[in-house]
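Undergrad: Okay, here's the structure, questions in a sec.
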Amino acid sequence: MSRTADIDLVFARTVTVGAVVRSLAGEGWSLQEPLGISYVVSNDDLFDWQSTSTDQAAEILTLVDSPANVDQHVGVCIYHSTAETGGQLLFHAGRSRCSFIPAIDRRSLSGAPALTDMAWYLNALVPPLHALGLASYEARDLAD
């Protein structure tokens, strides 16, 4: 049996990917993950993720925050090197909603390793995003 875990984040106003990444950087998150930098611009709902070198961070943020892509789904992977975990941060068209999917070395509960440690992710993501206008969130860990 597989699992699906995600946290849907709703902001009171539109945000940029760059602003979210900068906010999360203060809590130890970065675009640099084990594969370099991974990102997606989905204009066809196929989510064809790309990888590039870490020295391309500014260019990737410019691309995903481009006005030409505001009506597209875009995403970046973020990684917390101290905790050795990360995931996909997917921004929906319009940029007032995004989803975090803990897809990189997902943290599990010590007493129930099949379940995601959602409390850890919420504590690492919600406080810095609240300052950007985070209005609500919904966290799920479901058996498929």
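Undergrad: From Cα pairs below 8 angstrom and at least 6 apart in sequence, can you work out the relative contact order of the chain, rounded to a whole percent? Please report the intermediate quantities before stating the final value.
TA: Numbers: 268 pairs, mean separation 52.9, N = 144.
Averaging sequence separation for qualifying contacts and normalising by length gives 37 percent for the chain.
Undergrad: Divide by every residue of the chain the summed helix terms, -39500 (n - 2.57) for each DSSP H run of at least 4, and state the resulting mean residue ellipticity at 222 nm, rounded to the nearest 500 deg cm²/dmol.
TA: Working: 3 runs with 30 residues, N = 144.
When only DSSP H runs of four or more count, the value is -6000 deg cm²/dmol.
Undergrad: Shifting gears a bit: Tell me the carbon and sulfur percent of the accessible area for region 92-144, rounded to whole percent, probe radius 1.4 Å. Write out the running numbers ahead of the final one.
TA: On the way: 1520 of 2770 Å².
The computed percentage sits at 55.
Undergrad: Additional query: Using each residue's phi in region 128-135, evaluate 6.51 cos²θ - 1.76 cosθ + 1.60 at θ = phi - 60° and report the 3J(HN,Hα) Karplus result to the nearest Hz, with x for Gly and Pro.
TA: Ordered by residue, 3J(HN,Hα) equals x, 6, 4, 5, 8, x, 4, 9 Hz.
Undergrad: Ok, one more. So, for region 47-142, what is the accessible surface per residue at a probe of 1.4 Å, expressed in square angstrom? All intermediate terms of the calculation are to be shown ahead of the outcome.
TA: Details: 4820 Å² over 96 residues.
Per residue, region 47-142 has 50 Å² of solvent-accessible surface.
Undergrad: Over the Cα atoms of region 3-78, what Rg and Dmax result, in angstrom?
TA: Reported Rg and Dmax, both Å: 12.6, 35.
Undergrad: Would you calculate the convex hull of the Cα atoms in the chain and tell me its volume per residue in Å³? Could you put the intermediate results ahead of the total?
TA: Values: hull volume 15.5 nm³, N = 144.
Spelled out: Cα convex hull of the chain, divided by residues, is 108 Å³.
Undergrad: Below 8 Å between Cα atoms, with a sequence gap of 6+, how large is the relative contact order for region 1-52 in percent? Before the final figure, lay out each step's value.
TA: Values: 26 pairs, mean separation 10.2, N = 52.
Here the relative contact order equals 20 percent.
Undergrad: Give the long-range amide H neighbours of T85: residues separated by 5 or more places, or on another chain, with amide H under 5 Å away, using H modelled in the peptide plane at 1.01 Å from N.
TA: Close amide H contacts, sequence-distant or interchain: H80.
Undergrad: With viscosity set to 0.890 mPa s and temperature to 25 °C, compute the Stokes-Einstein D of region 59-127, Rh being the Kirkwood radius across alpha carbon pairs; µm²/s, no decimals. Can you show the working numbers first?
TA: Details: Rh = 13.3 Å.
Diffusion coefficient, whole number: 184 µm²/s.
Undergrad: Round to a whole angstrom and tell me the spacing of the C-alpha centers of region 116-131 and region 82-103.
TA: 11 Å
Undergrad: Name the residues whose placed amide hydrogens come within less than 5 Å of the amide hydrogen of R3, ignoring near sequence neighbours (fewer than 5 apart) on the same chain.
TA: So R3 has HN proximity to D144.
The values are calculated or read from the model by the stated rules, or taken from the named source; none is laboratory data. Because the structure is predicted, anything quoted here is derived from the model rather than measured. To get the accessible areas, we keep the full protein, side chains included, count just its heavy atoms, and leave off ligands, DNA and RNA. Shrake-Rupley method; radii C 1.70, N 1.55, O 1.52, S 1.80 Å.
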